[in-house]
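The values are calculated or read from the model by the stated rules, or taken from the named source; none is laboratory data. Everything numeric here is computed off the predicted structure, so don't read it as measured data. Cβ placement follows ideal geometry from the backbone for every residue including glycine, while neighbour counts extend to all protein chains displayed. Calculation scope for accessible area: heavy atoms of the full protein, side chains included, ligands and nucleic acids excluded. Shrake-Rupley method; radii C 1.70, N 1.55, O 1.52, S 1.80 Å.
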Amino acid sequence: MTDLPRHMSVEAFRLAGYATIDWIADYYERIESLPVQPKIEPGEIYSRLPDEPPLEGEAFSAILADLDRVILPGLMHWQSPNFFGYFPANASAPSILGDVVSSGIGVQGMLWQTSPACTELESRVLDWLVEMLNLPGKFKISTGCGGGVIHDTASSATLCALLAARERASGYTAREHGIKNDLVAYCSEEAHSSMEKAMSIAGLGSHKLRKIPTDQKLAMSPSLLTEAIGRDRAVGLKPFFVCGTVGTTSSLAIDPIEEIGQVCGRHKLWLHVDAAMIGTAALCPEFRYVHAGLEFADSYCFNPHKWMLTNFDCDCFYVADREPLNRALSVMPEYLRNEVTEKGTAIDYRDWQIPLGRRFRALKLWFVIRSYGVLGLQAFVRQHVAWAEKFECWINDDPAFELVMPRSLNLLCFRRLGSDDDNRALLQRLNQDGQVFLTHTVIDGRYCLRLCIAQTNTEFRHIERAWQLIQEVADQ
Ligand SMILES: *Cc1c(COP(=O)(O)O)cnc(C)c1O
């Protein structure tokens, strides 16, 4: 006879839970002193782990101890106050605890029936965000037509928007009969790579994605978009989708959504707006210019898991009309049938996404919004933009450096006067040292440093120190 599995007792769980939270709290106490980027070679962590899994269960304390020994040395410290690279992946205490509760209760929210609170809290919190960001009212669930849903990432949101648009453009035949290969989509040259990936996954082909050239501000040119649509029409292709970007990944450039929206209106194209990073800025009335023209959008997404203190993963995806999305993604096997689904009186979020199963992600968002309040979240965003403004002045005042693009909100793209190789070496030395972490981009063919001020734990002194370090290392 085999042994029964050895579950932790409730009492042992309590103790292990306290110890785990203590470990996380200790981590935050020392995170500032850890080198942001790990000094590690590929394969090093893998080889430190045993070849074979344990045959007998181990003590929880032994597992926890290995976090320090094996895992920590191989981490990039995304929650370090000295992290200025890429875009942030903000965690915060309420969000971590919301995620713990979500794991703790372990519910599946695929249908309303499988956990009504999971669906209804999500709908409510997403409606709140429509108000908080001053998004068009059509994105609210309570309108009965549109609504919001939590996805894992902006990449998934973009793919689902594309699938909904594909369904609509095919006269609702694509999912059953497949597609004629004549659909064409558009985004700017600076749009996120997830758009290209979505075209491939949707079976439309990445060559049917037209990357429209950008202007001096690296924003999509509406006149070149119109020309591209005309060219495709002329050869019998069928334009159907435009992805506008509000806050591009390289430089936070903002496409002119209002003009793009008018082009989409004229040609009956689906307009998706990707605001993954800077949608959060619209919490503050003074930054709501980022969403100008959003009333033209068929769908929209932003990531609270970047700049809104919510642990990865959490993308908020909105549609003005649920029908194309649901018709693209809904299938009803017998074993999921229930009275509520038959009557259509509730939302089944599985019809809004690719997987069937779904976690209770709304909990962490709810914890965050209630803990900080709208005012607290606004203050969080404002301080980052104010610090970025300061940083911009420092760069402008130092003749050894130049801004490559004017600052966009909390992002600075700058370089030391000199060659690309000088700047590459500067970045490498900065990051090697471990006291700060920045990344790079290339703008107009020129290599530059890229500093994003948005980390949960960053204070003004970290910004001052970062600038001092950059100057020091550049002088060496
Ligand atoms: C970060 C980002 C993405 C990708 O985000 P995921 O949620 O990781 O898929 C897409 N678009 C923009 C504009 C982004 O900033």
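Taking region 273-293 as the range and being more than 14 Å from the ligand (Cβ to nearest atom) and touching a His at 6+ places or on another chain (Cβ under 9 Å) as the test, only ALA282 passes. Listed conditions (1) of a type in the set (Phe, Trp, Tyr); (2) over 30 Å from LYS343 (Cβ atoms); (3) in contact with a helix residue (DSSP H, G or I) (Cβ under 9 Å, 6 or more places away or on another chain) are all met by TYR46, apart from (3). The C-beta contact set for region 427-444 (first residue free of Cβ contacts under 8 Å to residues at least 60 places away in the same chain, second residue assigned to a strand (DSSP E or B), distance under 7 angstrom, 6+ apart or interchain) comprises LEU427/HIS440; LEU427/LEU449; HIS440/TYR447; HIS440/CYS448; HIS440/LEU449; HIS440/ARG450. Exactly one residue among GLY230, GLY244 is away from the ligand (no atom under 15 Å from the Cβ) and of a type in the set (Gly, Ala, Ser), and that residue is GLY230.
When ALA157, ALA169 are screened for being in contact with a Leu (Cβ under 7 Å, 6 or more places away or on another chain) and within 29 Å of PHE240 (Cβ to Cβ), only ALA169 passes. Candidates are the residues of region 23-48 that are open to solvent by 90 Å² or more (accessible area, probe 1.4 Å) and assigned to a helix (DSSP H, G or I); the one that is nearest to LEU430 (Cα to Cα) is SER33. Looking at region 143-222, the strands (runs of 3 or more DSSP E) lying wholly inside it that each contain 3 or more residues that are within 16 Å of the ligand (Cβ to nearest atom) and more than 16 Å from THR249 (Cα to Cα) sit at 147-151. Filtering ASN303, ASN311, ASN326 for residues that are more than 16 Å from the ligand (Cβ to nearest atom) and not hydrophobic (A, V, I, L, M, F, W, C) leaves a single hit, ASN326. Return yes when ALA253 is away from the ligand (no atom under 16 Å from the Cβ), among the small types (Gly, Ala, Ser) and open to solvent by less than 10 Å² (accessible area, probe 1.4 Å) and no when it is not. When the stated conditions are applied, ALA253 does not pass them.
Taken as a whole, the condition of being β-branched (Val, Ile, Thr), more than 16 Å from the ligand (Cβ to nearest atom) and modelled with pLDDT under 95 does not apply to THR119.
Of the residues making up region 101-109, at least one is assigned to a helix (DSSP H, G or I) and either open to solvent by less than 30 Å² (accessible area, probe 1.4 Å) or among the basic types (Lys, Arg) (or both).
Each row is one residue, and each column tells you yes or no for (1) in contact with an Asp or Glu (Cβ under 6 Å, 6 or more places away or on another chain); (2) small (Gly, Ala, Ser); (3) touching a residue at least 40 places away in the same chain (Cβ under 8 Å).
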| position | (1), (2), (3) |
| --- | --- |
| MET8 | no, no, yes |
| GLY17 | no, yes, no |
| TRP23 | no, no, yes |
| ARG30 | no, no, no |
| GLU44 | no, no, no |
| ALA59 | no, yes, no |
| ASP66 | no, no, no |
| PHE83 | no, no, yes |
| GLY104 | no, yes, no |
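Of the residues examined, GLY236 is not one that is on the phi > 0 side of the Ramachandran plot, at pLDDT 95 or above and within 16 Å of the ligand (Cβ to nearest atom).
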